[in-house]
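Asker: Let me begin by handing over the structure; questions about it come next.
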Amino acid sequence: MFFKNQQGNLIKPKNLIDTYCGSGFFGISLSDNFAKIIGIEISREGYLSSIENARLNNLQNAKFVLGSAENIFKSHELNVNPAESVVIMDPSRKGSNLSFMKQLSNFKPSLIIYISCNVFTQARDLYSFFEKTENGHCYKIREIKGIDFFPQTRHVESVAILELKD
């Protein structure tokens, strides 16, 4: 999986951090594209499923942690270079929380992919990325798309890709 940075150069991030990972769907599905996958899930059932799914897929590069998403940034498991990392977040309908958003912004990954089933909470959460933090950086939206997984209902998934501004 390659991305272009602001200068137009192709970069290949090495690490995928899958927050709110559930059964590990995104991390496991994208594991061929990254050297290291780290997932975190607060639900014990989801966490156990992610471990089992990684085992069933014979993944050696995936590690899953039981805990809340904001704890991933304090975890000794997260021994990665943020500039070489992509963070996927797929929180529940209520969205993320300010503590996680602040830690994520201060972690400073090269890309953030925010998947949401509630565009209102996604918009609320994304707003925090567009102001400079105490570290003096912020993000911009590279792309945002709606995906209609449930035709003829009012439910739409939204995917926003954010990249770090210089």
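Bear in mind that the values in this text are calculations on the coordinates, not laboratory data. Everything numeric here is computed off the predicted structure, so don't read it as measured data. Please note: Cβ atoms are built from the backbone with ideal geometry, for glycine as well, and neighbour counts cover all protein chains shown.
Asker: Do you know which residues across segment 36-55 are touching a helix residue (DSSP H, G or I) at 6+ places or on another chain (Cβ under 9 Å) and over 26 Å from residue 102 (Cβ atoms)?
Answerer: Answer for segment 36-55, where residues must be touching a helix residue (DSSP H, G or I) at 6+ places or on another chain (Cβ under 9 Å) and over 26 Å from residue 102 (Cβ atoms): 53, 54.
Asker: Counting just the residues of segment 26-46 that are assigned to a helix (DSSP H, G or I) and touching a residue at least 24 places away in the same chain (Cβ under 8 Å), which one comes out surrounded by the most Cβ atoms within 10 Å (Cβ to Cβ)?
Answerer: Once the filter is applied, the top-ranked residue is 27.
Asker: Residues in segment 102-118 that are hydrophobic (A, V, I, L, M, F, W, C) and farther than 19 Å from residue 26 by Cβ: how many?
Answerer: Within segment 102-118, residues that are hydrophobic (A, V, I, L, M, F, W, C) and farther than 19 Å from residue 26 by Cβ number 0.
Asker: Out of curiosity, is residue 87 surrounded by 18 or more Cβ atoms within 10 Å (Cβ to Cβ) and closer than 21 Å to residue 143 by Cβ?
Answerer: So residue 87 fits the description; yes.
Asker: Okay, next question. Among the residues in segment 153-166, are any surrounded by fewer than 17 Cβ atoms within 10 Å (Cβ to Cβ), out of contact with any Asp or Glu (no Cβ under 6 Å at 6 or more places or on another chain), free of Cβ contacts under 8 Å to residues at least 12 places away in the same chain and more than 18 Å from residue 18 (Cβ to Cβ)?
Answerer: yes
Asker: Can you pull out every residue in segment 72-91 that is touching a residue at least 40 places away in the same chain (Cβ under 8 Å) and either closer than 15 Å to residue 126 by Cα or of a type in the set (A, V, I, L, M) (or both)?
Answerer: Residues satisfying the conditions are 72, 78, 80, 86, 87, 88, 89, 90, 91.
Asker: Do we have any residue at all in segment 116-139 that's touching a residue at least 60 places away in the same chain (Cβ under 8 Å), within 29 Å of residue 35 (Cβ to Cβ) and surrounded by 14 or more Cβ atoms within 10 Å (Cβ to Cβ)?
Answerer: no
Asker: Of the residues that sit in segment 47-62 and are surrounded by fewer than 18 Cβ atoms within 10 Å (Cβ to Cβ), of a type outside the set (A, V, I, L, M, F, W, C) and at negative phi, which one is nearest to the chain's Cα centre (by Cα)?
Answerer: 61
Asker: Out of all the residues in segment 47-71, which are touching a Ser or Thr at 6+ places or on another chain (Cβ under 6 Å), closer than 14 Å to residue 26 by Cβ, assigned to a helix (DSSP H, G or I) and not hydroxyl-bearing (Ser, Thr, Tyr)?
Answerer: 53, 69
Asker: Anything in segment 51-74 that is of a type in the set (Gly, Ala, Ser) and more than 17 Å from residue 86 (Cβ to Cβ)? List them, or say none.
Answerer: Selection gives 54, 67, 68.
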